[in-house]
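As structure tokens, the structure follows; a few thoughts come after it.
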Amino acid sequence: MNEDDPNLTPETHAASGAAMAASAVRQHLHLVETCRECHRQWQDTPTTTRAAYLDFLKRAESHPAPRRVYRDDLPHELEPVMAEVGKDRKARRWASQQLSELRRTPRAGRVRKVRSATRRFRTRLLAELLLEEARATVRDDPREAESFAGLVPEVLAWAAEGPGQAWAHPLCALAEALRANALRVAGQLPAAERVFELLRHALVLRPVADAAVQGEIDSLEASLRIDQRRPEEAETLLRRAARAFAQAASPAGTAKARIKLANLMQAWERPADALELFESAGDALEGDAAPYLAVTIAAGRITTLCDLGRPAEARRVLRGSLDAFEEDGAAHAGAALRFFEGRVALGLGEHATAATRFATATRVMLELGRDYDGALAALYLAETYLAQGRLAELGRLAARLVQAFDERQVAGETVKAARLLAQATAAQQVSVDLLQRLRQRLVRAETPLHQPR
């Protein structure tokens, strides 16, 4: 009998087992009655053992097949519950199909498609799926994220002002915050500011009672304040977000808010405060948290320990986090690991190891299109070359970096740092102090390694 047969039901499985047991009884009796050797061995078997064996075979032979339970057999009071389960499953499938249809629709036509529909595109489930889509696409395609977030108020227009639909207001508010965040990621800071200004005014008139939603809105606005170089406001928002997530009993949300706050402290040269926040973020996580969060926290602890001149402790954290880096699954996780190994090695004066690690991290990050990460690794590689007296290689590194960014038309502080490094190298004015200042400008301007998603 093939137990992996997809056509084998519980009834046929049990019936086959009973038939096999009956056959085993017949075979046993045949053998002990016709074969002298089997008969002799059976007679030599202790009476209690023989009785137990025969009893086992007979019980298997007479074991009743389990009866399949049908919906009609369930207690009457469970029928409404089963009906709701069936409706939920159907609703989720329908919402997923509608999301797929909106994905296939060009951005310019999505609002019109939703508004012109009479029955479709009108469910809370679809709104929640659109919010998830906005979160998932914002880094790779902020215009898509803005489009999906902007559809949520259209989808929920029927419920936003309706009686008994209090859940619609928080979802619409969160959608506006996600839309503003998409504008921020796209570099449209004034537009993002306008959206947040309107949202804040609306929330004064009608606050959001959902603590988790309020925490996410505060966290997203804090990202805008960081990009606007308004660190004090960002710190206030992130501390408020962490409290809101804690109130909502959201360990992941609490951890993310603390990580972003720690990154802010790190960028503004407060490594001791950053280390405390990274450690408290780790304390907030639960065992089933996403692997990337564990990596993010480990990365922050390693960086701040190195900044504090404690590379030996950083190495212990790194070694204890190797499994997390392996489980992370992000394309750049391996290169990030090499970067952190380089930081530790540089702090311990192991310059040959540091140069190898930073060179690998720089090359892979640039190949993956992670320009900020590649530039940061290159600036540490430059410091390593400087310590080794490898000035010619330092000059070639700076030239390659500028060429790579120019070819890809990279803008912002990333390419500025590369050009300043090249100019200083050409003028033979590179120093550790200059490299530290270039890195600090870069960290304040861009997104750090393993920023929470």
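The values are calculated or read from the model by the stated rules, or taken from the named source; none is laboratory data. Since the model is a prediction, treat every value here as computed from it, not as a measurement. We place every Cβ from the backbone using ideal geometry, glycine too, and count neighbours over all the protein chains shown.
Structure notes:
- Checked against (1) out of contact with any Phe, Trp or Tyr (no Cβ under 9 Å at 6 or more places or on another chain); (2) assigned to a helix (DSSP H, G or I), Phe121 passes all but condition (2).
- All positions within the range 400-414 that are without any contact (Cβ under 8 Å) to a residue 24 or more places away in the chain and surrounded by 14 or more Cβ atoms within 10 Å (Cβ to Cβ): Arg400, Val402
- Flag if Arg110 is in a helix (DSSP H, G or I), of a type in the set (Lys, Arg) and touching a residue at least 40 places away in the same chain (Cβ under 8 Å): yes
- Residue that is surrounded by the fewest Cβ atoms within 10 Å (Cβ to Cβ) [pool: residues in the range 127-184 that are part of a helix (DSSP H, G or I) and among the β-branched types (Val, Ile, Thr)]: Thr137
- Yes/no for Ala289 being in contact (Cβ under 8 Å) with a residue 12 or more places away in the chain and touching a Ser or Thr at 6+ places or on another chain (Cβ under 6 Å): no
- Here the condition is being of a type in the set (D, E, K, R), modelled with pLDDT under 90 and more than 19 Å from the chain's Cα centre (by Cα); of Arg120, Arg112, Arg139, it holds for Arg120 alone.
- Filter pass, Ala294 being within 21 Å of the chain's Cα centre (by Cα) and over 24 Å from Ala267 (Cα atoms): no
- Within the range 277-289, one or more residues are among the aromatic types (Phe, Trp, Tyr), modelled with pLDDT of 90 or more, assigned to a helix (DSSP H, G or I) and surrounded by 15 or more Cβ atoms within 10 Å (Cβ to Cβ).
- Some residue of the range 347-366 being in contact (Cβ under 8 Å) with a residue 12 or more places away in the chain and at positive phi: no
- Elements of type helices (runs of 4 or more DSSP H) in the range 318-381, at least 3 residues being of a type in the set (A, V, I, L, M): 333-347, 351-367
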